[in-house]
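Right, one structure below, let's go through it.
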Amino acid sequence: MDKQHIWNAREEFLTIEQWGHKIEKCLMDPDGSEIIYNVNEDDTREFDAIFIGGGAAGRFGSAYLRAMGGRQLIVDSWPFLGGSCPHNACVPHHLFSECAAELMLARTFSGQFWFPNMDGVITPMKELVDLFREGRVGPHAVMNFQSKEQLDLEYILNTRARIIDPNTVTAAGRKFKTRNIILAMGSKPNIPDIPGVDLHGVFDYETFVEDLDFEPGDTAVVIGGGKTAVEYGTFFNATGRRTIFVVRTELLKLINDGETRGYLIDRMKEQGIEILTGSQVTEIKSDGNGKVSGVTIKSSDGEITLDTDFVFLGTGEVPNAAEAVEKLDVKTGKKGEIIVNSQLQTSVDGVYAIGDLTGAPFEMFKARKGGMYAARHVMGEEINYDPKDWPDFMHTHYEVSWFGLCEEEAREQYENVTIIKMPPENDNGLDVALPASDRTMLYAMKVPRMSGFQKLIIDSNTRKVLGAHHVGYGAKDGFQFLYVLAKQGLTIDQLGEMDELFLNPTHFIQLSRLRAGLKELQDL
Ligand SMILES: Cc1cc2nc3c(=O)[nH]c(=O)nc-3n(C[C@H](O)[C@H](O)[C@H](O)COP(=O)(O)OP(=O)(O)OC[C@H]3O[C@@H](n4cnc5c(N)ncnc54)[C@H](O)[C@@H]3O)c2cc1C
Ligand SMILES: NC(=O)c1ccc[n+]([C@@H]2O[C@H](COP(=O)([O-])OP(=O)(O)OC[C@H]3O[C@@H](n4cnc5c(N)ncnc54)[C@H](OP(=O)(O)O)[C@@H]3O)[C@@H](O)[C@H]2O)c1
């Protein structure tokens, strides 16, 4: 139902704390709350762009356009800017992934040193979900405050935008004319067509955060084998629950380096995770009162039934393109994504699309950069944005970061390849106390195979870095920058020239220095 009451935010200054209270009130009573209206009625200029959706893509695009001197308006149906990332996607995922890492440490050293005995202990999940729900308003408040008071953005929140035509949008009962529309409506969870998927006890990343209203029992069934499934599934496992992954093809296909993927899957299994590949959940069973009581799983080996009250769907995302298709007839691709060219333009003149709405990769860098590039184009700059390769990361119980070629690809494409890795290949396998660094020291000393894995791939002829892969903690930040250097032609010799902050999570600098003196490079 459309809200009637409009609060003119333009005329008031709210502190971040006051914004927090305002947003909380709106979230508690979505239908009864007021529309947040922050439009400069004194400005008679036409809008250069109206952004439908103020998530990562819409907010960053708006900020860039405004910084370039343009006039923008964001309309978002939530009472805050920033979108799904801080509300139900990246930020809760990072909370749960951090808990998974902490809990693996506590369970590995259960009853030793200062760690309590964790035998048979199932850690509550709902408490953490509640903690997140309470804490997430802080970042929302910062974004509303920053966008209004510091970035000088115009926005209408807590109400839907309706598209009339490529130059007209309505919101809060008003009609707005604009030179361009920038669609930034994001995506939603893909819900597979499985009997019983609507039962109470089936969750996806959104409903897990919004609707979890009971403490799940001792078994979790996870459907899917990508980032979302693994990030949430490793957390469920770390809480002490039996965790079964049902994967229709293979787990972690996205990790292209075979050895890295093998290390990750071995560690997941070692934590007790059960992985059923080539398998499908064919039915989610009801207890007769609308709640999940089990699942039926089919694979080439036959059919099994498992008892559980908790099923998690990590089965991908679908772009929120329906309204734009209906009202503007924009062209979409096979997976429902809005098709754009490298200027972020859709098939309709004056209409752009950015972020998750344009399909995979569904990642923050793409949403924010897409917004920035679309803004530049609207403001008359030449642009060319086509995300083809990027540094990537995810979590298991570990943080996993990678970029460039994997070993198999490098050997196919290059005549001579040098591999530098840790732990080194030797008869001890993984049972050496390296790699060791922040947050893996206890593992290195006591359970060395758990202390991580890392690999640097070099073209022996040109001595250039082709790819890097890291399992551990703390490398992700460095990989953002290392990737840029690698694209610029970073060599093993330049790595050896750098100054390490020892103990450094990747060890790449000093390991390169050990080999850089060689004219003919060798593995390490
Ligand atoms: C579980 C999970 C974890 C993730 N973790 C990471 C991570 O760690 N790192 C990373 O880089 N990426 C991560 N991602 C991906 C990341 O969250 C998305 O790529 C990013 O949030 C997309 O931003 P967006 O602006 O395109 O969409 P959104 O942030 O979803 O914004 C869309 C906005 O449009 C609004 N909207 C929709 N329709 C209308 C309408 N008609 N009128 C008004 N407003 C409307 C919505 O309210 C919403 O605010 C994760 C995704 C998931 C699912
Ligand atoms: N940066 C991060 O940390 C982060 C975290 C979470 C999500 N994300 C992004 O968000 C996007 C979505 O992630 P995701 O892991 O949900 O999606 P995904 O990468 O598309 O993986 C979906 C998984 O579900 C399976 N699947 C899809 N439909 C199914 C069905 N009908 N029945 C059974 N299984 C099905 C897929 O199997 P197949 O492999 O056989 O297709 C795959 O294993 C990705 O682009 C991801 O990069 C990023």
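For residues that are over 30 Å from ASP287 (Cα atoms) and in a loop (DSSP other than H, G, I, E, B), tally how many sit in the stretch 308-351.
Going through the stretch 308-351 one residue at a time, the tally reaches 21.
Looking at the stretch 367-379, can you tell me whether even one residue there is charged (D, E, K, R), closer than 30 Å to PRO189 by Cα and at pLDDT 95 or above?
Yes, because at least one residue in the stretch 367-379 is charged (D, E, K, R), closer than 30 Å to PRO189 by Cα and at pLDDT 95 or above.
Count, please, the residues in the stretch 192-215 that happen to be touching an Asp or Glu at 6+ places or on another chain (Cβ under 9 Å) and exposed (fewer than 15 other Cβ atoms within 10 Å of the Cβ).
Residues meeting the conditions: 3.
For the subset of the stretch 298-357 comprising residues that are over 20 Å from the mean Cα position of the chain (by Cα), among the β-branched types (Val, Ile, Thr) and under 22 Å from ARG248 (Cα atoms), which member is surrounded by the most Cβ atoms within 10 Å (Cβ to Cβ)?
So the residue we want is VAL311.
Can you list residue pairs whose Cβ atoms sit under 6 Å apart, with the first residue in the stretch 428-441 being within 14 Å of PHE453 (Cβ to Cβ) and the second being part of a loop (DSSP other than H, G, I, E, B) and of a type outside the set (Val, Ile, Thr)? Count only pairs 6 or more apart in sequence or on different chains.
LEU430/PRO423; VAL432/PRO423; LEU434/PRO423; PRO435/GLY452; PRO435/HIS507; SER437/LEU503; SER437/PRO505; THR440/GLY452
Would you check which residues across the stretch 140-151 are in contact with a helix residue (DSSP H, G or I) (Cβ under 6 Å, 6 or more places away or on another chain) and either assigned to a loop (DSSP other than H, G, I, E, B) or small (Gly, Ala, Ser) (or both) and list them?
Result: ALA141, LEU151.
Which residues, counting only those in the stretch 165-188, are within 13 Å of ligand 1 (Cβ to nearest atom), crowded, with 18+ Cβ neighbours inside 10 Å and not hydrophobic (A, V, I, L, M, F, W, C)?
GLY186, SER187
Just to be sure, is ALA444 in contact (Cβ under 8 Å) with a residue 24 or more places away in the chain and either of a type outside the set (Val, Ile, Thr) or crowded, with 17+ Cβ neighbours inside 10 Å (or both)?
no
Residues in the stretch 107-128: is at least one over 22 Å from ARG439 (Cβ atoms), assigned to a helix (DSSP H, G or I), away from ligand 2 (no atom under 16 Å from the Cβ) and at pLDDT 95 or above?
Yes: one or more hits.
So, restricting to strands (runs of 3 or more DSSP E) that lie completely within the stretch 6-95, which ones have at least 1 residues that are of a type in the set (Asp, Glu)?
Strands (runs of 3 or more DSSP E) meeting the threshold: 72-76.
Give the residues of the stretch 170-185 that are touching a residue at least 24 places away in the same chain (Cβ under 8 Å), assigned to a strand (DSSP E or B), within 32 Å of the chain's Cα centre (by Cα) and farther than 18 Å from LEU344 by Cβ, sorted by residue number.
Hit for the stretch 170-185 is ALA171, nothing else.
Which of the residues that make up the stretch 33-81 are out of contact with any Cys (no Cβ under 9 Å at 6 or more places or on another chain), more than 10 Å from ligand 1 (Cβ to nearest atom) and charged (D, E, K, R)?
GLU41, ASP42, ASP43, ARG45, GLU46, ASP48, ARG66, ARG71
Please state which one of SER110, SER84 is within 16 Å of ligand 1 (Cβ to nearest atom) and among the small types (Gly, Ala, Ser).
Being within 16 Å of ligand 1 (Cβ to nearest atom) and among the small types (Gly, Ala, Ser) holds for just one of SER110, SER84, which is SER84.
Of the residues that make up the stretch 405-413, is at least one of a type outside the set (Asp, Glu) and more than 29 Å from ILE458 (Cβ to Cβ)?
No, every residue in the stretch 405-413 fails to be of a type outside the set (Asp, Glu) and more than 29 Å from ILE458 (Cβ to Cβ).
Can you list the strands (runs of 3 or more DSSP E) lying wholly within the stretch 200-307 that have 1 or more residues being away from ligand 2 (no atom under 12 Å from the Cβ) and free of Cβ contacts under 8 Å to residues at least 60 places away in the same chain?
So the answer is 242-246, 274-276, 292-299, 302-307.
The values are calculated or read from the model by the stated rules, or taken from the named source; none is laboratory data. Remember, predicted model here, so these are calculated numbers, not experimental data. Neighbour counts run over all protein chains shown; Cβ positions are idealised from the backbone, glycine included.
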